[in-house]
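Student: Pasting a structure below so you can have a look.
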Amino acid sequence: KKYKLGMIGLGTMGRNLLLNMADKGFSVTGYDKDQKMIAKLEDEGKNHNLEGFDNIENFIDSLQTPRTLILLVPAGPIVDSVIAELKPLLSKGDIIIDSGNSHFSDTNRRVAELENDGLHFFGMGISGGEEGARFGPSMMPGGDKNAYNVMKDIFEAIAAKVNNDPCVTYIGPGASGHFVKMVHNGIEYAIMQLLAETYGILKNGLGYSNQEIHNVFKKWNEGRLQSFLLEITTDIFPVKDTETPNDLLDMIKDEARSKGTGKWTSEVSMELQLPVPTINEAVTNRDLSKYKALRVSLEEAFGKKDSKIDISIDDLENAFYFSMISAYAQGLHLLVQASKEYKYELKLNQIAKIWRGGCIIRAKFLEDIYQAYDKNNSLEHLFGDAGIQKIIKSTLAGTRKTVAACVSSGIGIPAFASTLTYFDTITSARMPSNLIQAQRDFFGAHTFERIDKEGVFHAKWN
Ligand code: 6PG
């Protein structure tokens, strides 16, 4: 008996995804060097037709041909070493699907390297964490379309469903699947930062207790802000520490870590010259948080701020909604630009559609995004949609009040402030950038263009 699909890497994600497939009736098998992982798989999957191998030859031998393999191993050099180990055992037409958070440039390189051997390499972003992998993730597969068609049934069966539609679709050629997942994570970083700043405002600006913050978030999550990230954030506040009488949140160090996908989004945005300032602020402030000793000493030097502010919870809700919309808009704008640059032919409506369920950035608002792009798939920027414009206009006053109050009382709100100023800039027909051109021409004869005629000009400035 031969299996339809093999999973390499039986950590939490790989194991859960495999169990999800087995649930749906697919005959699947797994490989891991670590015996403990195999024991875990066989234990959790004891009612399923599942087998685990710690011998790679036997594992490969157990698969139907052409073979389909999913890699769920840590992104980076490990992916290359697993590929090197696999290569001599595979034959033409076999498919390798890398489902980790690999950098899209690595995926491009691997596609090209394996093409020479007649192997299909496929980059597929998977979102939804452990729960998602086990019961329904959102999946972003990109690469050879024929290879995708081989896998389509399995993917559609295991994906999260929204109105019966599976949260998976063919994203596009090359590394587009990993690219889209990277931008998904960039948006994830931005929304997490906005939630953290909102927590800071409620706590320091309005003096709310953790329980009160929980109540505010819980109420918000029943309305238009409904989202997975707000939901889990709401649930964090009442959790008690097991070692002290305090809330667990208060016992956690204020130094945020990251594995790189947010930074990559910012890097690519600079590369493509397509700004995503809210994502940048999220990345920057995870980094800034690590300078704890410096922050402590500088607070001593400059004094603790009296950060009490006078805004309503509705103002704050508007500010959050406004900024969340902008975070999605920036990420999608980057996808539009990348699609042109890398010829991904991305369908933004389909991407919004599969983000509505299963993934970390799933939110009620994604339905609005989906509708906007479904109406007009060549929409350059989400702010260009009439429905979205209406929402934004209604949230602006509360946003300005919130940002102004925080700025004047010294509450750090990098993501909120930068999001608002991004809006004010991108909605300006004329920016002061003419002065930059004049300065460049002044000191370096870099020339400028004129508003009244074509061509490049240089002036004698002094
Ligand atoms: C997801 C998550 C997942 C992972 C992030 C965390 O979509 O399921 O994005 O991929 O949890 O990579 O990233 P950081 O460790 O960088 O915060």
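Student: Against the longest principal axis of the chain, how steep is helix 261-271, in degrees 0 to 90 to the nearest 10, with axes from Cα atoms?
Tutor: 60 degrees
Student: Taking the radius of gyration and the Kirkwood hydrodynamic radius from Cα positions alone, what is the Rg/Rh ratio for the chain, to two decimal places?
Tutor: Looking at the chain, the ratio lands at 1.02.
Student: Moving on to the next point. Taking N as the number of residues in the stretch 181-426, what is its alpha-carbon radius of gyration divided by 2.2 N^0.38 Å?
Tutor: 1.02
Student: OK, next. Taking N as the number of residues in the stretch 327-402, what is its alpha-carbon radius of gyration divided by 2.2 N^0.38 Å?
Tutor: This ratio for the stretch 327-402 stands at 1.15.
Student: Restricting attention to the stretch 207-292, which chymotrypsin sites (Phe, Trp or Tyr not before Pro) occupy a DSSP loop and are surrounded by at most 15 other Cβ atoms within 10 Å?
Tutor: Of the chymotrypsin sites (Phe, Trp or Tyr not before Pro), the ones in loops of the stretch 207-292 whose Cβ has at most 15 other Cβ atoms within 10 Å are 291.
Student: Taking the DSSP beta bridges in the stretch 124-187 as the whole, what percent of them are antiparallel, to the nearest 5?
Tutor: Here the antiparallel bridges make up roughly 75 percent for the stretch 124-187.
Student: Next up: Can you give the three extents of the C-alpha atoms in the stretch 277-398 along their principal axes, from longest to shortest, in whole Å?
Tutor: Cα extents, longest axis first: 53, 35, 25 Å.
Student: Quick one: which residues, 5+ away or cross-chain, put their amide H under 5 Å from the amide H of residue 3? H built at 1.01 Å from N.
Tutor: 63, 64
Student: Using Cα atoms only, what is the angle between the long axis of helix 35-44 and the major principal axis of the chain, expressed in degrees (0 to 90) to the nearest 10?
Tutor: 90 degrees
Student: Let me check I've understood the local charge: for residue 366, count other residues with C-beta under 11 angstrom from its C-beta, Lys and Arg +1, Asp and Glu -1. What total comes out?
Tutor: +2
Student: Something else: Evaluate the relative contact order of the chain (contact order divided by residue number), counting alpha-carbon pairs under 8 angstrom at least 6 apart; express in whole percent.
Tutor: This gives 13 percent for the chain.
Student: For the stretch 181-426, calculate the relative contact order in percent as a whole number, restricting contacts to Cα pairs under 8 Å that are 6 or more residues apart.
Tutor: Computed value for the stretch 181-426: 29 percent relative contact order.
Student: Please enumerate, by chain and number, the aspartates and glutamates with C-alpha under 20 Å from the C-alpha of residue 2, excluding those fewer than 8 residues away in the same chain.
Tutor: 23, 32, 42, 51, 54, 57, 61, 94, 153
Student: Go through the stretch 70-82 residue by residue and turn each phi into a ³J(HN,Hα) via Karplus (6.51, -1.76, 1.60, θ = phi - 60°); whole Hz please, and just put x for glycine and proline.
Tutor: Karplus values, whole Hz, x for Gly and Pro: 10, 9, 10, 10, x, 4, x, x, 4, 4, 5, 6, 5.
Student: May I pose another question? Divide by every residue of the chain the summed helix terms, -39500 (n - 2.57) for each DSSP H run of at least 4, and state the resulting mean residue ellipticity at 222 nm, rounded to the nearest 500 deg cm²/dmol.
Tutor: After summing the helix terms and dividing by the residues of the chain, the value is -17000 deg cm²/dmol.
Student: Nearest 0.05, what FRET efficiency do residue 85 and residue 337 give at R0 = 30 Å with Cβ-Cβ as r?
Tutor: Taking R0 as 30 Å, the efficiency between residue 85 and residue 337 is 0.20.
Student: Provide the descending list of Cα extents for the stretch 5-174 along its principal axes, expressed in whole angstroms.
Tutor: 41, 40, 27
Student: Determine the percent antiparallel among the DSSP beta bridges restricted to the chain, to the nearest 5.
Tutor: 30 percent
Student: Hey, another quick one. Roughly how many Å is it from the Cα centre of the stretch 63-128 to that of the stretch 420-462, as a whole number?
Tutor: Answer, in whole Å: 47.
Student: Related question: Where does helix 145-158 land angle-wise versus the long Cα axis of the chain, in degrees 0 to 90, nearest 10?
Tutor: So the helix axis and the longest Cα principal axis differ by about 90 degrees.
Student: Given the pairs 145/181; 161/364; 145/375; 240/305; 203/240; 259/347, which span a C-alpha to C-alpha distance of over 20 angstrom in this model?
Tutor: 145/375; 240/305; 259/347
Student: Between residue 457 and residue 364, what length comes free when the chain is fully extended (0.36 nm per residue of separation minus the Cα-Cα distance, one decimal in nm)?
Tutor: 28.5 nm
Student: Please give the residues of the stretch 147-179, grouped as numeric ranges, whose backbone N is less than 17 Å from a label point set 7 Å along the Cα-to-Cβ vector of residue 267.
Tutor: It comes to 175-176, 178-179, nothing else.
Student: Bins of 5 Å, beginning at zero and ending with the bin holding the largest distance: percent of Cα pairs per bin for the stretch 1-99, please.
Tutor: 2, 14, 27, 28, 18, 8, 2, 0
Student: Order of 82, 407 from fewest to most other C-beta atoms within 10 Å?
Tutor: Least crowded to most crowded, the residues run 407, 82.
Student: Then there is this: Calculated FRET efficiency, residue 34 and residue 345, Cβ-Cβ r, R0 30 Å, to nearest 0.05?
Tutor: Given R0 = 30 Å and the Cβ-Cβ separation, E is 0.15.
Student: I've got another one for you. How many nm separate the modelled label positions at residue 449 and residue 404, each set 7 Å beyond the Cα in the direction of the Cβ?
Tutor: Each label point lies 7 Å from its Cα, and together they span 3.6 nm.
Student: Given H placed 1.01 Å from N in the peptide plane, which residues other than close sequence neighbours of residue 290 have an amide H under 5 Å from its amide H?
Tutor: So residue 290 has HN proximity to 256.
Student: Okay, moving on. Pairwise over distinct Cα atoms, reciprocal of the mean inverse distance: report the Kirkwood radius of the stretch 85-206 in Å, one decimal place.
Tutor: About 15.9 Å for the stretch 85-206.
Student: Now, a different point. Using 0.36 nm per residue of separation minus the Cα-Cα distance, give me the extension gain between residue 222 and residue 371 in nm, one decimal.
Tutor: The residue 222-residue 371 span can extend by a further 51.5 nm.
Read-outs: derived from the displayed coordinates by stated rules, not from any lab. Keep in mind that this is a model prediction, so the values were computed, not measured. Heads up, the Cβs are rebuilt from the backbone with ideal geometry, glycines too, and the neighbour counts pull from every protein chain shown.
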